[in-house]
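Participant: Dropping the structure in here first, questions after.
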Amino acid sequence: MKLYRLLLRLYPPGFRADYSEPMQQLVRDQSRRLPPLQLYATILADLFRSLPQAHLDEIRNQGMKHLLTPFTYLFSLAAMAFLARVELHSDDSGVIVGLVLAMTFTLGCLHPKRAWLWALTALCIPAAELLWGAASNYDMMLLAGFMTFIGLCGSFAGAYARVHLAQ
Amino acid sequence: MEPLTPAVFHVLLALATEEKHGYAIMHEVETETKGTVKMGPGTLYGTLKRLLDAGLIEEAGERRDPEMNDERRRYYRITAAGRAAARAEAQRLHAAVRIARARGVLA
């Protein structure tokens with residue numbers, strides 16, 4: 001049931017608020033007559049069938065607002081991959097710092113409530129150095145601290161800009 | 001009136017006789033269609049939500065099912081508009097079957 005509760009998070013919030021409880025109840029009922037493997041095969045097939053429709057219905061009724069959070073997470077992953085690549089192929093630290101500020105600022109604007117989380121995006125730079133670069137441990141710690149600080153500045157500036165604009 | 005999807009039509013048919021909760025609807029649809037229309041929790045509640053939005057069914061409160069365990073369940077009932085939509089779909093299918101018979105497609 002814990003796994004199913006996690007899978008339910010893929011549904012749009014409006015749908016989840018109305019039907020999360022009865023859906024869990026239905027899976028509990030099904031689990032009494034189906035073996036676990038068959039139960040989860042049924043659940044996964046149902047998930048692939050019903051998820052697009054649930055999101056389309058939510059978009060029709062509420063607009064695209066509920067897609068903002070998953071979109072921001074996807075954007076942060078893409079930003080991390082992009083930053084790591086630039087870090088490994090460029091020696092210009094000014095460009096990297098500028099990119100981190102721009103990316104974290106955008107993330108802060110998109111989702112101001114999780115500004116602290118977007119700051120961690122900048123940690124992909126020491127991570128890239130650790131995995132593929134040649135920096136020593138001391139350099140890495142210094143770089144990680146510096147990048148987190150830059151990321152924090154960017155994301156909180158973005159979050160503040162968004163809140164300020166909203167007002 | 002636009003044709004109904006098989007899932008919507010069978011949910012309306014399942015509710016035609018009495019109020020039912022989600023699991024009872026799912027079970028009845030599976031039994032009546034001999035497993036050809038299968039609905040998981042997402043498909044079932046997605047269909048119920050669309051039917052509620054369209055006014056074809058309505059909620060009939062929460063209570064316990066005496067034949068099942070102790071949990072309270074949300075019941076649904078068909079509305080007059082839902083009955084009319086199911087009737088129109090049944091007539092449409094009946095007409096299609098008549099044509100199929102006349103042309104020797106169906107014995």
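We did not get these values from a lab; they are worked out from the coordinates using the rules stated. Since the structure is predicted, the reported quantities are computational estimates derived from the model, not experimental observations. Cβ sites come from the backbone with ideal geometry, for glycine too, and all protein chains shown count toward neighbours.
Participant: In the stretch B:71-92, how many residues are within 12 Å of chain A (Cβ to nearest Cβ) and more than 14 Å from B:Val11 (Cα to Cα)?
Facilitator: Filtering the stretch B:71-92 down to residues within 12 Å of chain A (Cβ to nearest Cβ) leaves B:71-76.
If we keep only those that are more than 14 Å from B:Val11 (Cα to Cα) too, we end up with B:71-74.
The total comes to 4.
Participant: For the stretch A:48-101: of the residues being of a type in the set (Lys, Arg) and over 11 Å from A:Ile125 (Cα atoms), which is nearest to the other protein chains (Cβ to nearest Cβ)?
Facilitator: Applying the first criterion (of a type in the set (Lys, Arg)) to the stretch A:48-101 yields A:49, A:60, A:65, A:85.
In the following step, the residues that additionally are over 11 Å from A:Ile125 (Cα atoms) were identified as A:49, A:60, A:65.
Working: A:Arg49: 6, A:Arg60: 10, A:Lys65: 18 Å.
Among residues in the stretch A:48-101 that are of a type in the set (Lys, Arg) and over 11 Å from A:Ile125 (Cα atoms), the one nearest to the other protein chains (Cβ to nearest Cβ) is A:Arg49.
Participant: Six or more apart or on different chains, Cβ atoms under 7 Å: show the pairs whose first residue is in the stretch A:87-111 and in contact (Cβ under 8 Å) with a residue 24 or more places away in the chain and within 18 Å of A:Leu142 (Cα to Cα) and whose second is assigned to a helix (DSSP H, G or I) and among the charged types (D, E, K, R).
Facilitator: Final answer for the pair search is A:Glu87/A:Glu129; A:Ile96/A:Glu87.
Participant: Specify the residue that is nearest to A:Gly158 (Cα to Cα); the eligible residues are those in the stretch A:103-142 that are more than 17 Å from the chain's Cα centre (by Cα) and surrounded by fewer than 13 Cβ atoms within 10 Å (Cβ to Cβ). Break it down into steps so the answer makes sense when it comes.
Facilitator: Of the residues in the stretch A:103-142, the ones more than 17 Å from the chain's Cα centre (by Cα) are A:125-142.
If we keep only those that are surrounded by fewer than 13 Cβ atoms within 10 Å (Cβ to Cβ) too, we end up with A:131-132, A:134, A:136-138, A:141.
Working: A:Leu131: 29, A:Trp132: 30, A:Ala134: 32, A:Ser136: 32, A:Asn137: 31, A:Tyr138: 30, A:Met141: 26 Å.
The selected residue is A:Met141.
Participant: Kindly indicate the residue of the stretch B:20-55 that is farther than 14 Å from A:Asp57 by Cα and of a type in the set (Ser, Thr, Tyr) and also nearest to the other protein chains (Cβ to nearest Cβ) among those meeting that condition.
Facilitator: B:Tyr23
Participant: For residues in the stretch A:143-167 being hydroxyl-bearing (Ser, Thr, Tyr) and closer than 15 Å to A:Leu83 by Cβ, which is nearest to the chain's Cα centre (by Cα)?
Facilitator: Filtering the stretch A:143-167 for residues hydroxyl-bearing (Ser, Thr, Tyr) gives A:148, A:155, A:160.
Then keep just the ones that are closer than 15 Å to A:Leu83 by Cβ; that gives A:148, A:155.
Values: A:Thr148: 17, A:Ser155: 14 Å.
Across the stretch A:143-167, the extreme among qualifying residues is A:Ser155.
Participant: Take the residues of the stretch A:12-33 that are more than 15 Å from B:His21 (Cα to Cα) and within 25 Å of the chain's Cα centre (by Cα): which is nearest to the other protein chains (Cβ to nearest Cβ)?
Facilitator: A:Phe15
Participant: Name the single residue that is farthest from the other protein chains (Cβ to nearest Cβ) among those in the stretch B:56-70 being surrounded by 13 or more Cβ atoms within 10 Å (Cβ to Cβ) and farther than 12 Å from B:Ala81 by Cα. If you could, list the steps in order and put the result at the bottom.
Facilitator: Looking only at the stretch B:56-70, we keep the residues that are surrounded by 13 or more Cβ atoms within 10 Å (Cβ to Cβ), and these are B:56-58, B:60, B:65, B:68.
Checking the rest, the ones that are also farther than 12 Å from B:Ala81 by Cα come to B:60, B:65, B:68.
Values: B:Ala60: 14, B:Asp65: 10, B:Met68: 7 Å.
The residue in question is B:Ala60.
Participant: Residues in the stretch A:37-89 that are small (Gly, Ala, Ser) and under 17 Å from A:Arg5 (Cα atoms): how many? Give the derivation first.
Facilitator: Keep residues of the stretch A:37-89 that are small (Gly, Ala, Ser), which gives A:41, A:45, A:50, A:54, A:63, A:76, A:78-79, A:81, A:84.
The next check asks that each one be under 17 Å from A:Arg5 (Cα atoms); those that pass are A:41, A:45, A:50, A:54.
Of the residues in the stretch A:37-89, 4 are small (Gly, Ala, Ser) and under 17 Å from A:Arg5 (Cα atoms).
Participant: A further question follows. Please name all residue pairs, on different chains or six or more residues apart, with Cβ atoms under 9 Å, provided the first residue is in the stretch B:78-98 and is within 15 Å of B:Leu52 (Cβ to Cβ) and the second residue is outside any helix (DSSP H, G or I) and of a type in the set (Asp, Glu).
Facilitator: B:Ile78/B:Glu19; B:Ile78/B:Glu58; B:Thr79/B:Glu58; B:Gly82/B:Glu58
Participant: Please enumerate the residues belonging to the stretch B:15-35 that are under 22 Å from A:Glu21 (Cα atoms) and of a type in the set (A, V, I, L, M).
Facilitator: Answer for the stretch B:15-35, where residues must be under 22 Å from A:Glu21 (Cα atoms) and of a type in the set (A, V, I, L, M): B:Leu15, B:Ala24, B:Ile25, B:Met26, B:Val29.
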